[in-house]
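Below is one structure, written out as structure tokens; the observations come after it.
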Amino acid sequence: MTSSTLTGELPSRHFLTGFMLLGVLAGASNGIAKVVFPLYAAAMHASPWQIGLVGGLQFAGMLLLSLPLGALIDRHGSRPLFRFGCIGGIVVFLAGFSFASTPWQLIACVVLFGFVNPFRMVTTQTEFLHLLPRVGPAKAGWQRASHSAGMFFLGPMLGAWLVGLAGYSNTFRVVAVGLFITLLIGERVMSSAPMGQGADATPFVGRMLDQFRLIGSRAELRRTMLIEFVGQVAMSYFTVFVILVAIRRFGMPTQQAAGLVTLQGAVFVLTLLAAGAIVMAWRERTRYRTAFAILLCAELLLANPLHPAALWAGALLLGLGLGIQQLTCVAQFARLAQELGRGRTGGMFSLAGPSGALVGAVAGGLLNQYFGMLAGFHVLAVLFLVQLGRTWLRPAPAALPEPDIERPAVNGG
């Protein structure tokens with residue numbers, strides 16, 4: 001089956017539903033991991049720095065493999081790589097995590113999972129970018145929204161409930177079952193992904209070098225990657241440190257302080273799901289200006305919280321601003337995917353976000369240690385002020401052709 005299956009309106013809607021299911025399942029498995037891995041390490045009496053490794057090494061594979069996977073997608077297609085990622089994850093959870101009994105065994109399993117997980121994540125994001133022109137830019141945030149709903153809401157709740165009900169080993173087996181269901185759904189969704197070029201594709205090393213050349217030569221690509229990077233830095237820093245600010249500065253109960261993260265995530269997801277039809281009717285520059293202005297206000301509130309209400313307002317504005325920014329970035333990456341190719345663009349898109357999340361957590365910890373809990377919010381306010389200023393000072397870009405979203409593509413696009 002070829003990509004032509006995706007060309008009709010009804011098949012596009014069908015596959016959009018499939019991508020959203022994949023997003024929820026992938027987000028839920030990652031959300032369970034975020035909660036359960038550190039708890040399991042603590043239960044093994046791991047040292048604090050070992051627990052830090054358990055949390056941080058989950059991102060290592062995505063950072064190292066995003067660009068190589070973009071090259072592999074062009075050669076082999078997304079479907080076999082997605083299949084490898086699912087099967088590899090199932091094996092790691094069944095034969096690795098379920099039997100880990102020491103912190104170092106757990107860390108080894110986290111590293112293995114970190115290197116198979118990108119095979120699912122990058123391929124799914126790449127094929128969603130390929131599908132987006134056929135379903136319309138108003139739905140640009142739907143895949144990220146479904147993943148966020150699974151990662152920030154469904155996954156953590158399931159993880160805490162499963163550990164209390166069945167213990168760690170059985171929780172890992174349940175995750176393996178979830179990955180098997182993901183594989184079954186993905187086999188159907190990915191069946192219509194374009195085939196790889198095989199031996200006709202550019203050699204792997206050449207394709208990798210070509211991706212770096214593209215980043216160096218395409219200003220709009222660098223700009224979009226930077227915007228995605230800074231946005232994920234802001235989200236990561238807020239998620240990790242706002243709870244500490246609320247508890248230590250205002251004496252909030254832990255559960256109430258955690259509600260700040262829930263509010264930010266809920267507004268972010270709702271913006272991605274519901275605001276696309278309105279926001280995507282604006283010019284790109286207007287969307288960015290609106291997002292950066294809202295994000296600047298959010299960071300100023302968080303950096304100078306005179307009252308607990310400032311934290312709640314900052315959380316709400318942060319979710320709204322990041323949602324508008326994400327809608328714009330995804331639409332831009334989708335246009336670039338049509339021009340530059342699915343694999344190359346998908347790999348670069350998958351690199352920008354996780355690298356920002358890692359920097360937000362690590363650099364945020366250093367800022368907190370040496371300059372206080374609010375230092376990171378001050379730095380982010382400056383970054384968003386600079387980004388807002390650049391939208392006013394930068395010359396208007398030449399109009400880019402919008403993808404054909406009103407009528408079905410012909411011959412598979």
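The values are calculated or read from the model by the stated rules, or taken from the named source; none is laboratory data. Please read these numbers as outputs of a predicted model, since none were measured by experiment. Ideal geometry is used to build each Cβ from the backbone, glycine not excepted, and the neighbour counts take in all protein chains shown. For accessibility, only protein heavy atoms count, side chains too; no ligands or nucleic acids. Shrake-Rupley method; radii C 1.70, N 1.55, O 1.52, S 1.80 Å.
Numerical summary
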item: Options 85, 61, 77, 70: the member that is in contact with a strand residue (DSSP E or B) (Cβ under 7 Å, 6 or more places away or on another chain) and either farther than 28 Å from residue 213 by Cα or open to solvent by less than 50 Å² (accessible area, probe 1.4 Å) (or both); result: 77
item: Residue in segment 148-161 that is open to solvent by 40 Å² or more (accessible area, probe 1.4 Å) and among the small types (Gly, Ala, Ser) present; result: yes
item: Pair list, Cβ < 7 Å and 6+ apart or interchain, from segment 266-294 residues that are among the aromatic types (Phe, Trp, Tyr) to residues that are crowded, with 20+ Cβ neighbours inside 10 Å; result: 268/148; 268/319; 268/322; 268/323; 288/328; 292/384; 292/387
item: Scan of segment 371-380 for residues that are surrounded by 16 or more Cβ atoms within 10 Å (Cβ to Cβ), small (Gly, Ala, Ser) and more than 22 Å from the chain's Cα centre (by Cα), ordered by number; result: 375
item: Among (1) over 21 Å from residue 133 (Cα atoms); (2) modelled with pLDDT under 80 - the single one residue 301 does not satisfy; result: (2)
item: Single condition residue 93 does not satisfy, out of (1) open to solvent by 20 Å² or more (accessible area, probe 1.4 Å); (2) modelled with pLDDT of 75 or more; result: (1)
item: Pair list, Cβ under 7 Å, 6 or more apart: segment 350-365 residue β-branched (Val, Ile, Thr), other residue open to solvent by 10 Å² or more (accessible area, probe 1.4 Å); result: 359/233
item: Residue count for segment 266-285, restricted to those that are surrounded by 14 or more Cβ atoms within 10 Å (Cβ to Cβ) and either over 20 Å from the mean Cα position of the chain (by Cα) or assigned to a loop (DSSP other than H, G, I, E, B) (or both); result: 6
item: Any hit, segment 201-223, residues being at pLDDT 85 or above, out of contact with any Lys or Arg (no Cβ under 7 Å at 6 or more places or on another chain) and within 25 Å of residue 288 (Cα to Cα); result: yes
item: Filter result for residue 333 (at pLDDT below 90 and either within 20 Å of residue 364 (Cα to Cα) or assigned to a helix (DSSP H, G or I) (or both)); result: yes
item: Answer residue from segment 115-130, given it is modelled with pLDDT of 75 or more and either outside any helix (DSSP H, G or I) or among the hydrophobic types (A, V, I, L, M, F, W, C) (or both) and is most open to solvent (accessible area, probe 1.4 Å) among those; result: 115
item: Residue match in segment 50-58 (condition: in a helix (DSSP H, G or I) and either open to solvent by 60 Å² or more (accessible area, probe 1.4 Å) or among the acidic types (Asp, Glu) (or both)); result: no
item: Test: residue in segment 324-347 that is without any contact (Cβ under 8 Å) to a residue 24 or more places away in the chain and closer than 27 Å to residue 218 by Cβ; result: yes
item: Conditions (1) more than 16 Å from residue 379 (Cβ to Cβ); (2) open to solvent by 10 Å² or more (accessible area, probe 1.4 Å); (3) in contact with a Ser or Thr (Cβ under 7 Å, 6 or more places away or on another chain): number failed by residue 229; result: (1)
item: Every residue from segment 132-144 that is surrounded by 24 or more Cβ atoms within 10 Å (Cβ to Cβ) and of a type in the set (A, V, I, L, M, F, W, C); result: 132, 140
item: Restricting segment 290-313 to residues that are within 22 Å of the chain's Cα centre (by Cα) and not hydrophobic (A, V, I, L, M, F, W, C), the residue that is surrounded by the most Cβ atoms within 10 Å (Cβ to Cβ); result: 299
